[in-house]
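As C-alpha cells, the structure follows; a few thoughts come after it.
The values are calculated or read from the model by the stated rules, or taken from the named source; none is laboratory data. The model shown is predicted, which means the values in this text are computed figures rather than measured ones. Here Cβ is always computed from backbone atoms with ideal geometry, including for glycine, and neighbour counts include all displayed protein chains. All accessible areas refer to the heavy atoms of the entire protein, side chains included, with ligands and DNA or RNA removed. Shrake-Rupley method; radii C 1.70, N 1.55, O 1.52, S 1.80 Å.
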Amino acid sequence: MSKSMSRDEELTTLAEAATSRRAFLRNASLTAVGGALVACGKSGEAAPATPPAAPAAAPAVNAADAMDAMHEKGMKAFPAKTAIHGNQLLAPKLVGGVKVFELTAREIQWETAPGQKVSALAYNDQVPGPQLRVREGDRVRIVLKNELKQSTAMHFHGLELPNDQDGVPYITEPPVKPGATRTYEFTVPNAGSHMYHSHHNSAYQVGLGLLGAFIVEPREAGKEPKVDQDIVFILNDGAHGYTFNGKSFPATVPIVAKKGERIRIRYMNEGMMIHPMHLHGMHQTVIAKDGWDVPAPWKCDTLNIAPGERWDVIVNCTNPGTWAFHCHILPHAESEHGMFGMVTALVVQDKIV
Amino acid sequence: MSKSMSRDEELTTLAEAATSRRAFLRNASLTAVGGALVACGKSGEAAPATPPAAPAAAPAVNAADAMDAMHEKGMKAFPAKTAIHGNQLLAPKLVGGVKVFELTAREIQWETAPGQKVSALAYNDQVPGPQLRVREGDRVRIVLKNELKQSTAMHFHGLELPNDQDGVPYITEPPVKPGATRTYEFTVPNAGSHMYHSHHNSAYQVGLGLLGAFIVEPREAGKEPKVDQDIVFILNDGAHGYTFNGKSFPATVPIVAKKGERIRIRYMNEGMMIHPMHLHGMHQTVIAKDGWDVPAPWKCDTLNIAPGERWDVIVNCTNPGTWAFHCHILPHAESEHGMFGMVTALVVQDKIV
Amino acid sequence: MSKSMSRDEELTTLAEAATSRRAFLRNASLTAVGGALVACGKSGEAAPATPPAAPAAAPAVNAADAMDAMHEKGMKAFPAKTAIHGNQLLAPKLVGGVKVFELTAREIQWETAPGQKVSALAYNDQVPGPQLRVREGDRVRIVLKNELKQSTAMHFHGLELPNDQDGVPYITEPPVKPGATRTYEFTVPNAGSHMYHSHHNSAYQVGLGLLGAFIVEPREAGKEPKVDQDIVFILNDGAHGYTFNGKSFPATVPIVAKKGERIRIRYMNEGMMIHPMHLHGMHQTVIAKDGWDVPAPWKCDTLNIAPGERWDVIVNCTNPGTWAFHCHILPHAESEHGMFGMVTALVVQDKIV
C-alpha cells in the first residue's frame, strides 16, 4: 500500500507476517495486530478485569466464552492470507511517449476471505483491477480486451475526457463485444483520485468486480501534500459481501505505519450503499473530494462515503498501537460470529528500542 | 428547463425532437442524444473494436447481442415522449399586489415512461407539481383545493414562515378535509431552492406525487450567480420507481446547453433514499445547501443528495458532447435490460458550422 | 435538556406538562405542543377552510376522518409520559482528583413509547446510557460492570486515547466477561461531542441500547459558543424502532426555548441508517463535525447524519411557535396511523404578557 514498497513486496511482507506471526508482531508497537490476545494492564492504566462470580454466572460465561472464541479466532486470523490481492500497481508500457495499459476482462473465481470463493468479473484477474497511476498531461492508452460472455465498456469516472472516450455504450461508443478489443486513448486532463469501471450492465459488472483506481498526480508535484504512504481504499458491497479492496476481514490488509508518519488515504466507493469510515485513535483530515481540493481541510473521525464518491484524507500517525478501522454501519462489520466484512486496522509502530 | 424558454416551449421542442430524431440530432454536437449509435473512431483517437474471434465466442456474442439490443433500444428511445411533464412554471395571478397560486390536489394516472402508468396524487395534474417561483419579500397566497379522498396539508419546506402557515396538521392547523380548500398566505422570508409538499400522511402522499419546487429569488438580483439556464431537478424513489422530475429514463428530459454556457442545477430529494448524482465529463461546483450559500464553493463530480436536502450547483458547459448524468447507486440506473430510472443526459452543443 | 435545569427537573417538568396539559400549554406561545387542535385563522393570515361539499365527498370524508382521528390522537398524546428517560446527566464521584463514573450493563425492559416495551441492553438501566460530561484534560475513570449474559467492552468513540483504553476485544483488551468488571482510565485528550458504546458483538449490543453520549468541554471555556441550552440528540434505528434519545414519538421530548434563545444541538447517530434531520421554521448552523470545529460554519434546514457521525449545530430561536422536528426519511416519521418514531418538536415561546 505504500509508495516506497511495491504492492507485491507489501503482499509478500504481509503474507510472511501471516505465516510467521511472531516476526510480524515484533514490528507492532504496544499491541498486536494478528489477534494475539493483549495482556491487560500493560500500560499500568487499566486494572485487570476481576474474575466473574462463579456459580450464578457460570452458564452465561459458558455461552459467552463460546461466542468470544469465535471473535478471538477471527482476530487471530487477521491478516489472513488469500491467494492474490487486487489493486496492484500496473506499470505502463511506454510506446512512443504514450503510457499503455492493457486490461483484460474475464470471469474468475475470487477469494474474498480464506475459503470464501465467489464468482467475479475481473480486470487482469484482480478485484479491484490493477491500480493505474499517471500524471496530469500524460498521454495514456488503455487497451481493453473483453473475454467476458457479455459486452462491456470502460468509463473513466472523474476524468473530464473528450466525449468519445467516455465509455458509455450507445451514447459515446458501441459496446465492446465478447472477444473484441477496444482502445481508449487520451491526454489526462485533471488530477485526483479517480476510478475506472464498466459502464455496461454496470450494476452487475461493477458489482462483480470490473472496477479499479485511476490515480492522477498533478502536473506540479509540489501541489501534492507530502506523505509517507499513499493508500487506495476501495469500498464495495455487492454480491461479494462487504469488502475493502476486494477482501473481507480477516483477509483485509492492515495499514502499517511508523509513529510520526503522515499517510494519505484515497477512499473510493464502488458499491450501492453509504459506508461511514471510522478510524479509532486518530482523526482524519479531509483534503479532497472527487479529486478536487476542498476549500479548507476539515477534521473528522467518521467519514461518510457515498457510491461513486472519492474522498482523500490525511492521517497523522501520532498515536501508537493497533487501531480498529471499519465501516460504522455495524452490521457491515460485526456479527455474533465476530468481525467480518468492512474491518481492517491501522498499526502505528512506536520506535523499536 | 431554461429561463429564456418557457417549459411548454421546451417540452414541445423535446417532443418534436423525439418525433423527428434527425432534427434533434442535428443540434447535438459530437455525439447523439437519442441513442443513435455513435460511429467509432470519429475523433481519430479511438481505434475501432476488432471483430470478435468467430467460433469460440459465437454463442456468447449471441447472448451478448440480445442484451445489447435491449440496451440500445432504451438509448434510442431517449428522450421518450410521454403525455405530460411536471414542474411546469406556474404564473401567479396578481390580486391587489399578492401573487396568488391555485393548486388542486387530486388522484391521477401518471405516465413515468412510455406505457408505464402509475396511480399518483398530483397538484394540478402534474408530478412534480407546478414550479412556483417568487422573490424574497413578495406577498404570496397559495390556495390549496383538496379533491383527494384523504385529508391533506401543505408544508413549505425551507421557508421560515409564521408558525400558523407551516402546514403541519394538529400542530399548526387542522388538516384540509376532502372537498375543502385552505389558503396559505405569507410574505416570503428567505431566498433559495425550497419545496412544497404534503405534510399529512406524508410518506404516502409525497411518495405518490404531492410535491413541487418553491424557488425564491433573492431580493437583490445581483446576489444570484449569473447563469444561462436554471434547472430544477427533483429526485424521487417511491411507488413510482426512480424518477427525475417525475419521469424515468428514457422519458427523462436531457439538459441541452451550448458550449460555454453556465447552468445552475437545483437538486431536491423528495424520496426516501440518498441519490449521489454523477455527471460525466464536467465537474459540479456546489454553491448552496438548502437555499443557503455555502461559505466557499467546492467542486465534485458526484454529489450525494439525502431526503429533504436541496443542493445548488453550477456546471460550466465546457466539454462538448452528450454526457450521461445519473444516480451512482447503479441499481437505480441500470439493469440487464438497459438503463432505466435515474438517468438523463447533459448535451453540450459545440458551435454548429 | 438545558444546562441550567437538571435532566430530572426537566423530565419532571415535562411529565407534569403531560399530566396537566393546560399548565404546559400556557407556556407555549402561538400554538400548542401537546396536540391541542389549533384554531385556524388565529393570526388573521389564514382563511378558514371552507366546509367540504356535502353529498359527493361524504364517504371520503368519513374515511378521511377516521385516519385524521388517529393522527390527532398521536399529536394530542405528545409529549407522552413513559417510565424513565435515558441520557440523564451522571455526576462523577471525585476520587483523588479522578472523576469516576460507574456504569453497569444489564438487560432491561425499555419503554420506547407508552405501552411499547422492548428488550434492551442498558447502562444504568437507561437507553441511551447516562450522559457523561467532562472537561479536556480531566482524569477520568469508567468502571464498567457487566451483568449481561454476553461479554462486552467499552469503546470511547471519538476520543484519541492510549491504545489500551480503546476497548476493542482481542485487539486492545480481552472482552469483559459476564459478571466481570473492567476499569478504563485516561486523561481526556480532545474536546467535542463524542460517544461511548459497546465494541463487542456491537451490531447487536449497540442496537439494543449499550450506548451513550460522552461530552468533552474544551479546556478553555471561552472556546465554546455561548448558548442557552445544550442538547444531546441521539438517533437510533435498531430493534427498538426509530428513536430519539431512546424514545419514539409521541414519547419523545420536545425542546422548549424562549424566543431569542440560542441552542446547541449535538446530533449523534448510533444506528445503521442515515437520518436527515429537518427542523421547521428556523435554520441550523453547523459548527462542528465529530467534535472538530468546521473551518467555516454553514447553514441548512436538513442535516444528514450518518452512522457514527456527530454534528453540532446552533439554532437561533427567533421564530415563535411549535415546530415539527423530524427525520426527513418520511417512513421513519409518519404512517397512515399518524406520526411515530423520529419526530419531536422545538417549541419557541414568545414573551408571555
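Return the residue satisfying two criteria in turn: it lies in segment A:233-260 and is part of a loop (DSSP other than H, G, I, E, B) and among the hydrophobic types (A, V, I, L, M, F, W, C), and of such residues it is most open to solvent (accessible area, probe 1.4 Å). Let's see the steps before the verdict.
Kept after step one, since they are part of a loop (DSSP other than H, G, I, E, B), are these residues of segment A:233-260: A:237-242, A:245-246, A:248, A:250-254, A:259-260.
In the following step, the residues that additionally are among the hydrophobic types (A, V, I, L, M, F, W, C) were identified as A:239, A:251, A:253.
Numbers: A:A239: 83, A:A251: 1, A:V253: 19 Å².
By that ranking, first place goes to A:A239.
Which residue, of B:A46, B:A54, is at pLDDT below 50, over 30 Å from B:Q150 (Cβ atoms) and open to solvent by less than 70 Å² (accessible area, probe 1.4 Å)? Talk me through it step by step, then tell me what you get.
Working: B:A54 fails: open to solvent by less than 70 Å² (accessible area, probe 1.4 Å).
Answer to the check: B:A46.
Which residues, counting only those in segment B:173-189, are open to solvent by 10 Å² or more (accessible area, probe 1.4 Å), in a loop (DSSP other than H, G, I, E, B) and more than 7 Å from every other protein chain (Cβ to nearest Cβ)?
The one that is open to solvent by 10 Å² or more (accessible area, probe 1.4 Å), in a loop (DSSP other than H, G, I, E, B) and more than 7 Å from every other protein chain (Cβ to nearest Cβ): B:P189.
If a residue has to be over 19 Å from C:G246 (Cβ atoms) and polar (S, T, N, Q) to count, how many in segment C:327-344 make the cut?
Going through segment C:327-344 one residue at a time, the tally reaches 1.
Check B:I265 against each of (1) within 13 Å of the chain's Cα centre (by Cα); (2) within 28 Å of A:M154 (Cβ to Cβ); (3) within 14 Å of chain A (Cβ to nearest Cβ); (4) not hydroxyl-bearing (S, T, Y) and name the one condition it does not meet.
Of everything listed in (1) within 13 Å of the chain's Cα centre (by Cα); (2) within 28 Å of A:M154 (Cβ to Cβ); (3) within 14 Å of chain A (Cβ to nearest Cβ); (4) not hydroxyl-bearing (S, T, Y), B:I265 misses just condition (3).
Being aliphatic (A, V, I, L, M), within 23 Å of the chain's Cα centre (by Cα), within 14 Å of chain A (Cβ to nearest Cβ) and not in a loop (DSSP other than H, G, I, E, B) is the requirement here; does C:I142 meet it? Full working, then the answer.
On the way: aliphatic (A, V, I, L, M): yes; within 23 Å of the chain's Cα centre (by Cα): yes; within 14 Å of chain A (Cβ to nearest Cβ): yes; not in a loop (DSSP other than H, G, I, E, B): yes.
When the stated conditions are applied, C:I142 passes them.
Could you identify the single residue in B:G192, B:G158, B:G209 that is over 20 Å from B:E136 (Cα atoms) and either open to solvent by 10 Å² or more (accessible area, probe 1.4 Å) or in contact with a strand residue (DSSP E or B) (Cβ under 7 Å, 6 or more places away or on another chain) (or both)?
Numbers: B:G192 fails: over 20 Å from B:E136 (Cα atoms); B:G158 fails: over 20 Å from B:E136 (Cα atoms).
Sole residue among the options that is over 20 Å from B:E136 (Cα atoms) and either open to solvent by 10 Å² or more (accessible area, probe 1.4 Å) or in contact with a strand residue (DSSP E or B) (Cβ under 7 Å, 6 or more places away or on another chain) (or both): B:G209.
Output the residues belonging to segment C:272-308 that are in a loop (DSSP other than H, G, I, E, B) and open to solvent by less than 10 Å² (accessible area, probe 1.4 Å).
Residues of segment C:272-308 in a loop (DSSP other than H, G, I, E, B): C:272-274, C:280-283, C:290-291, C:301, C:306-308.
C:H280, C:G281, C:M282, C:D290, C:D301, C:A306, C:P307, C:G308, listed by residue number.
Results for (1) under 25 Å from C:E217 (Cβ atoms); (2) at the interface with another protein chain (Cβ under 7 Å from one of its Cβ atoms), shown as yes or no for each residue.
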position: C:H280; (1), (2): no, yes
position: C:A288; (1), (2): yes, no
position: C:W298; (1), (2): yes, yes
position: C:D301; (1), (2): no, yes
position: C:W311; (1), (2): yes, no
position: C:H326; (1), (2): no, no
position: C:M342; (1), (2): no, no
position: C:L346; (1), (2): yes, no
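Of the residues that make up segment B:109-123, is at least one open to solvent by less than 60 Å² (accessible area, probe 1.4 Å), among the small types (G, A, S), within 23 Å of B:F325 (Cβ to Cβ) and in a strand (DSSP E or B)? Working first, answer last.
As a first pass, look at segment B:109-123 and keep what is open to solvent by less than 60 Å² (accessible area, probe 1.4 Å): B:110-113, B:118, B:120-123.
Filter once more, keeping what is among the small types (G, A, S): B:113, B:120, B:122.
Then drop every residue that is not within 23 Å of B:F325 (Cβ to Cβ), which leaves B:113.
Still in the running and in a strand (DSSP E or B): B:113.
For segment B:109-123, residues open to solvent by less than 60 Å² (accessible area, probe 1.4 Å), among the small types (G, A, S), within 23 Å of B:F325 (Cβ to Cβ) and in a strand (DSSP E or B): present.
Only one residue in A:T181, A:T187, A:T152 is of a type in the set (S, T, Y) and either touching a His at 6+ places or on another chain (Cβ under 8 Å) or at pLDDT below 95 (or both), so which one is that?
A:T152
Do you know which of the residues in segment A:341-353 that are open to solvent by 10 Å² or more (accessible area, probe 1.4 Å) and aliphatic (A, V, I, L, M) is nearest to A:P114 (Cα to Cα)? Explain how you work it out, then say what you get.
Of segment A:341-353, the ones open to solvent by 10 Å² or more (accessible area, probe 1.4 Å) are A:349-353.
Now restrict to residues that are aliphatic (A, V, I, L, M): A:352-353.
Details: A:I352: 32, A:V353: 35 Å.
The qualifying residue nearest to A:P114 (Cα to Cα) is A:I352.
Condition test on B:G338, is it modelled with pLDDT of 95 or more, open to solvent by less than 10 Å² (accessible area, probe 1.4 Å) and within 8 Å of another protein chain (Cβ to nearest Cβ)?
Working: modelled with pLDDT of 95 or more: yes; open to solvent by less than 10 Å² (accessible area, probe 1.4 Å): yes; within 8 Å of another protein chain (Cβ to nearest Cβ): no.
Spelling it out, it is not the case that B:G338 is modelled with pLDDT of 95 or more, open to solvent by less than 10 Å² (accessible area, probe 1.4 Å) and within 8 Å of another protein chain (Cβ to nearest Cβ).
Among the residues of segment B:155-172, is any in a loop (DSSP other than H, G, I, E, B), among the β-branched types (V, I, T) and more than 14 Å from chain C (Cβ to nearest Cβ)?
No, segment B:155-172 contains no residue that is in a loop (DSSP other than H, G, I, E, B), among the β-branched types (V, I, T) and more than 14 Å from chain C (Cβ to nearest Cβ).
Can you name the number of the only condition in (1) under 30 Å from B:Q205 (Cβ atoms); (2) buried (at least 23 other Cβ atoms within 10 Å of the Cβ) that C:G86 fails?
Evaluating C:G86 over (1) under 30 Å from B:Q205 (Cβ atoms); (2) buried (at least 23 other Cβ atoms within 10 Å of the Cβ) leaves (1) as the failure.
Say whether the condition of being over 22 Å from B:M272 (Cβ atoms), more than 9 Å from chain C (Cβ to nearest Cβ) and free of Cβ contacts under 8 Å to residues at least 24 places away in the same chain is met by at least one residue in segment B:201-221.
At the first step, the residues of segment B:201-221 found to be over 22 Å from B:M272 (Cβ atoms) are B:215-221.
Now narrow it down to the ones that are more than 9 Å from chain C (Cβ to nearest Cβ): B:215-221.
Those left that are additionally free of Cβ contacts under 8 Å to residues at least 24 places away in the same chain: B:220-221.
Looking through segment B:201-221, at least one residue is over 22 Å from B:M272 (Cβ atoms), more than 9 Å from chain C (Cβ to nearest Cβ) and free of Cβ contacts under 8 Å to residues at least 24 places away in the same chain.
Condition first: assigned to a strand (DSSP E or B) and polar (S, T, N, Q). Now tell me which residues in segment B:309-353 satisfy that. Even if it seems obvious, please write down each step before you answer.
Kept after step one, since they are assigned to a strand (DSSP E or B), are these residues of segment B:309-353: B:310-316, B:321-327, B:334-335, B:338-339, B:341, B:343-349.
Answer for segment B:309-353, where residues must be assigned to a strand (DSSP E or B) and polar (S, T, N, Q): B:N316, B:T322, B:S335, B:T344, B:Q349.
Just to be sure, is C:R133 touching a Leu at 6+ places or on another chain (Cβ under 8 Å), open to solvent by 20 Å² or more (accessible area, probe 1.4 Å) and either at pLDDT 95 or above or over 29 Å from A:W323 (Cβ atoms) (or both)? So that I can check it myself, show each step before the final result.
Numbers: touching a Leu at 6+ places or on another chain (Cβ under 8 Å): yes; open to solvent by 20 Å² or more (accessible area, probe 1.4 Å): yes; either at pLDDT 95 or above or over 29 Å from A:W323 (Cβ atoms) (or both): yes.
Yes.
Looking at segment C:71-83 only, could you name the residues that are surrounded by fewer than 17 Cβ atoms within 10 Å (Cβ to Cβ) and more than 21 Å from the chain's Cα centre (by Cα)?
The one that is surrounded by fewer than 17 Cβ atoms within 10 Å (Cβ to Cβ) and more than 21 Å from the chain's Cα centre (by Cα): C:K73.
Considering only residues that are without any contact (Cβ under 8 Å) to a residue 12 or more places away in the chain and open to solvent by less than 10 Å² (accessible area, probe 1.4 Å), which ones fall in segment C:316-333? Show your work before the answer.
So the first thing to find is which residues in segment C:316-333 are without any contact (Cβ under 8 Å) to a residue 12 or more places away in the chain, and the list is C:330-331.
Within segment C:316-333, no residue meets the criteria.
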